[in-house]
1. Would it be correct to say that T69 is out of contact with any Cys (no Cβ under 7 Å at 6 or more places or on another chain), modelled with pLDDT of 95 or more and part of a loop (DSSP other than H, G, I, E, B)?
2. I need a count of the residues in region 1-49 that are assigned to a loop (DSSP other than H, G, I, E, B), under 21 Å from L75 (Cα atoms) and in contact with a strand residue (DSSP E or B) (Cβ under 9 Å, 6 or more places away or on another chain).
3. Which one is modelled with the lowest pLDDT, of the residues in region 4-36 that are aromatic (F, W, Y) and over 12 Å from the mean Cα position of the chain (by Cα)?
4. Counting just the residues of region 59-71 that are surrounded by 10 or more Cβ atoms within 10 Å (Cβ to Cβ) and more than 11 Å from the chain's Cα centre (by Cα), which one comes out farthest from D11 (Cα to Cα)?
5. Does any residue in region 24-42 that is more than 13 Å from A59 (Cα to Cα) come within less than 8 Å, Cβ to Cβ, of a residue that is modelled with pLDDT of 95 or more and loosely packed, with under 12 Cβ neighbours inside 10 Å six or more places away or on a different chain, and which pairs are these?
Amino acid sequence: MTEKPDPSAFDLTSVNWTVSKYSGGGGNCVRVAVADGYVLVGDSQNPDRPPHVYTPAEAKAWLLGAKDTDFDFILGL
């Protein structure tokens, strides 16, 4: 398995972040971007906090699982 780069390895000033339209503008925002072939997931309320770094395969597994209701249990929190 290839080791993922540390978040500090990315130039986050040039990343184009996307925020879900479901965030509602109430500060419940997770932002997502692609940089250098990795998927970055960050906290839009705390942009200075380093994002989590995922491989495309990891991000795909999460997204497909979410679409297939694997993680619906978190909606009841």
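1. Values: out of contact with any Cys (no Cβ under 7 Å at 6 or more places or on another chain): yes; modelled with pLDDT of 95 or more: yes; part of a loop (DSSP other than H, G, I, E, B): yes.
It is true that T69 is out of contact with any Cys (no Cβ under 7 Å at 6 or more places or on another chain), modelled with pLDDT of 95 or more and part of a loop (DSSP other than H, G, I, E, B).
2. Total satisfying the criteria: 3.
3. Y22
4. Looking at residues that are surrounded by 10 or more Cβ atoms within 10 Å (Cβ to Cβ) and more than 11 Å from the chain's Cα centre (by Cα), I get D70.
5. From region 24-42, no pairs qualify.
The values are calculated or read from the model by the stated rules, or taken from the named source; none is laboratory data. Please read all numbers here as calculations on a predicted model, not as lab measurements. All Cβ positions, even for glycine, are placed from backbone atoms using ideal geometry, and neighbour counts span all protein chains on display.
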